[in-house]
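What follows is a short report on a single structure.
The values are calculated or read from the model by the stated rules, or taken from the named source; none is laboratory data. This structure is a prediction, so every number in the text was calculated from the model and none was measured. Glycine also receives a Cβ, built like all others from the backbone with ideal geometry; neighbour counts cover every protein chain displayed.
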Number of protein chains: 2
Amino acid sequence: MPDRRPEGPTVVTGGAGAIGSFLVDRLLSDGRSVRVVDNFSTGQRSNLPEARAGLSVHACDLGAGEPPAELFRGAAELWHLAANADIRRGSADPAVDLRNGSLAAFHTLEQARRQDVPRLLFSSSSTVYGLASVLPTPESYGPLEPESLYGAAKLGAEGLVSAYAHSYGITAYIFRFANIIDGRMNHGILHDFFEKLRADPGRLEVLGDGSQSKSYLRTEDCVGGMLHVARSVRAPVNVYNLGAEDRTSVRAIAEKVVAAHGGRAAIVYGQGPRGWVGDVPQQLLAIDKVRGLGWRPSATSTGAIDRTIAELADRRGITPAPRA
Amino acid sequence: MPDRRPEGPTVVTGGAGAIGSFLVDRLLSDGRSVRVVDNFSTGQRSNLPEARAGLSVHACDLGAGEPPAELFRGAAELWHLAANADIRRGSADPAVDLRNGSLAAFHTLEQARRQDVPRLLFSSSSTVYGLASVLPTPESYGPLEPESLYGAAKLGAEGLVSAYAHSYGITAYIFRFANIIDGRMNHGILHDFFEKLRADPGRLEVLGDGSQSKSYLRTEDCVGGMLHVARSVRAPVNVYNLGAEDRTSVRAIAEKVVAAHGGRAAIVYGQGPRGWVGDVPQQLLAIDKVRGLGWRPSATSTGAIDRTIAELADRRGITPAPRA
């Protein structure tokens, strides 16, 4: 089945973020024209090429209200990736995820519907499952009990995407991400650990007791997986987990980051199995469904951690002392 | 396990609606003091007793912003039933369910959290399932693909309820309702059919081809089921379907309503299996989970329809002509 508008541009909200900008690179390389919409709260202009044929960049805060119609006019598809990127912020201030998650999704979808955009691709999250009683957790798992406001906003946006798809004849893709990592990210466990060691090279404080264990996926695998699914299936609503098949403990990550810094820092663990309010300490997505489409990630969870630590160390000019 | 504040009042949002006012009656009869919060858009003051010890009524539009703190102060529990009651409105104007569903839920939960209300009971809906591939549909069914904006708002609110429960130590109940009916309702299929026959006694126009088949539950059974569950279980988040074990087709309902009016009206069916955009034409909830707690509805779906038609006919003074 051909796209209704194969030649129309692609809109990417959150396109200046770590995942979004990687997707934009791929879409431009595939010859698509791309309109990036970002509020530049966590996204950065430096993630995007200065000037490139087919790329336009639009500053717009989607949580504040409906975006301008011209951003969506004639678009062949919308990738809605914009969101609050920091899960921990939401439990301290629930309005953050309401605004940058739920309201941003609503305003974006509503304008896309008015402009008759026929395809919608949404970055959801493993956090919609909460602390699942089944690991690895398949897409069919229920009931969904998100623990964080972030996860709640993702679940609400999934509902909106589904309702818009079914009500208005849009083809929709919902991707439930594991923890996505790369060296460009300015949040998340690896970024936090590197920042802490920069502030105090002798001591790494860890949130929680280190027993948390989750699956990590590289941004390039995340984007590759989404593009593969988007090319492969075309139900009204297509829900796919994207993650690695193994997982990595916080303890292992802490030890790897300390080793990358020369191995001298003391690791100080906190109390309890959760890193913060709303944290889901045990996460592993079943990826049988996407594997059934012939795709698998290029890196294991531990491989993704190692690759990202190497990138971060390299960017920051950190050379570990030779090990004894 | 005793309630933390067994003597505190109960807050019921949407307490002037058909379901809410029935719940309020039951709570008052059980000796609770009750604060009703309603914007009186579909709820009606006449559903509530004029003056009754323990009852206070507060006009407040929860979609507009956070409700006053004093409404929630000292409360032992919050029943959040307020919502847009007309599913069809949402596909014509998606902002209705955003405001009266998602935003109302957020503002209500947020104030309840600030006032440390320890128990939260939420009226969700079978519409969160969408057109499920498994009938009867159990609570564990996934992925959830709501078809209507109403269902999307309910799913989003479920996510919020879950996140608030897990993040802030609140005990939460999520009830997924079948189609709840009684003679006091001012919306829904029976009300619509009676209104149409009042306008034109010779002709009943039906949305869709009449093949839609859903499960109907009486308001008293809905409220009884919720109270039973709330007394019986106390997990952090408790998700329960509430419905009948059979279902009733739109064709059968149309014929029953016409018969109650004397059987003279011609029934004119529309096209297609759906009544409207966002309609879920086939619905049947599995109620094994609530039956496992020792509860079952007092009426079948067809019995609920018959009882409600008799009530509506009685209220409107309709006496069917003797059948030949």
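Details
- Identity of the residue in the stretch B:122-140, facing another protein chain (nearest Cβ under 7 Å) and surrounded by fewer than 24 Cβ atoms within 10 Å (Cβ to Cβ), that ends up farthest from the chain's Cα centre (by Cα): B:SER140
- Residue-level analysis places B:ASP288 among those that are among the acidic types (Asp, Glu) and farther than 26 Å from B:ASP86 by Cα.
- Filtered residues of the stretch A:147-171 (kept if surrounded by fewer than 24 Cβ atoms within 10 Å (Cβ to Cβ), touching a strand residue (DSSP E or B) at 6+ places or on another chain (Cβ under 8 Å) and not polar (S, T, N, Q)): A:ILE170
- Scanning the stretch A:79-104 for residues that are in a loop (DSSP other than H, G, I, E, B) and within 16 Å of the chain's Cα centre (by Cα) yields A:LEU81, A:ALA82, A:ALA83, A:ASN84, A:ALA85, A:ASP86.
- Check on A:ARG99, more than 29 Å from B:ALA153 (Cβ to Cβ) and not assigned by TED's automatic domain parsing to the domain that holds A:ASP279: no
- Here B:ALA105 passes the criteria (1) within 14 Å of chain A (Cβ to nearest Cβ); (2) in contact (Cβ under 8 Å) with a residue 60 or more places away in the chain; (3) buried (at least 24 other Cβ atoms within 10 Å of the Cβ) except the one numbered (2).
- Checking A:SER167 against (1) in contact with a Ser or Thr (Cβ under 7 Å, 6 or more places away or on another chain); (2) polar (S, T, N, Q); (3) farther than 18 Å from B:LEU131 by Cβ, the condition it does not meet: (3)
- Elements of type helices (runs of 4 or more DSSP H) contained in the stretch A:218-324, each with 2 or more residues being crowded, with 18+ Cβ neighbours inside 10 Å, acidic (Asp, Glu) and modelled with pLDDT of 95 or more: A:219-232
- Odd one out for B:GLY210 among (1) touching a helix residue (DSSP H, G or I) at 6+ places or on another chain (Cβ under 6 Å); (2) more than 10 Å from every other protein chain (Cβ to nearest Cβ); (3) surrounded by 24 or more Cβ atoms within 10 Å (Cβ to Cβ): (3)
- Residue list for the stretch B:59-78, filter: among the hydrophobic types (A, V, I, L, M, F, W, C), outside any strand (DSSP E or B) and either in contact with a helix residue (DSSP H, G or I) (Cβ under 7 Å, 6 or more places away or on another chain) or buried (at least 16 other Cβ atoms within 10 Å of the Cβ) (or both): B:CYS60, B:LEU62, B:ALA69, B:LEU71, B:PHE72, B:ALA75, B:ALA76
- Close pairs from the stretch A:308-324: first closer than 16 Å to A:HIS191 by Cβ, partner surrounded by fewer than 16 Cβ atoms within 10 Å (Cβ to Cβ) and at pLDDT below 90, Cβ under 9 Å, at least 6 apart: A:ALA313/A:THR319; A:ALA313/A:PRO320
- Residues in the stretch B:22-58 that are of a type outside the set (Ser, Thr, Tyr), surrounded by fewer than 18 Cβ atoms within 10 Å (Cβ to Cβ) and assigned to a helix (DSSP H, G or I): 2 in all.
- Scanning the stretch B:230-256 for residues that are under 27 Å from B:ALA92 (Cα atoms), in contact with a strand residue (DSSP E or B) (Cβ under 8 Å, 6 or more places away or on another chain) and touching a residue at least 60 places away in the same chain (Cβ under 8 Å) returns B:VAL250, B:ALA254.
- Which numbered condition B:ASN179 misses (of (1) surrounded by fewer than 23 Cβ atoms within 10 Å (Cβ to Cβ); (2) under 25 Å from B:TRP276 (Cβ atoms)): (1)
- On the stretch given as the stretch B:141-164, residues that are charged (D, E, K, R) and within 15 Å of the chain's Cα centre (by Cα) total 2.
- Unmet requirement for B:VAL280, which otherwise passes all of (1) within 14 Å of chain A (Cβ to nearest Cβ); (2) touching a strand residue (DSSP E or B) at 6+ places or on another chain (Cβ under 6 Å): (2)
- If you go through the stretch B:12-66 and pick out every residue that is under 14 Å from the mean Cα position of the chain (by Cα) and free of Cβ contacts under 8 Å to residues at least 12 places away in the same chain, you end up with 0.
- Checking each residue in the stretch A:111-146 for being of a type in the set (A, V, I, L, M) and within 16 Å of B:GLU145 (Cα to Cα) picks out A:LEU120, A:LEU121, A:VAL128, A:LEU144.
- Residue within the stretch B:83-92 that is β-branched (Val, Ile, Thr), within 20 Å of B:GLN44 (Cβ to Cβ) and within 12 Å of chain A (Cβ to nearest Cβ) present: yes
- Of the residues examined, B:VAL117 is not one that is part of a helix (DSSP H, G or I) and under 20 Å from B:MET226 (Cβ atoms).
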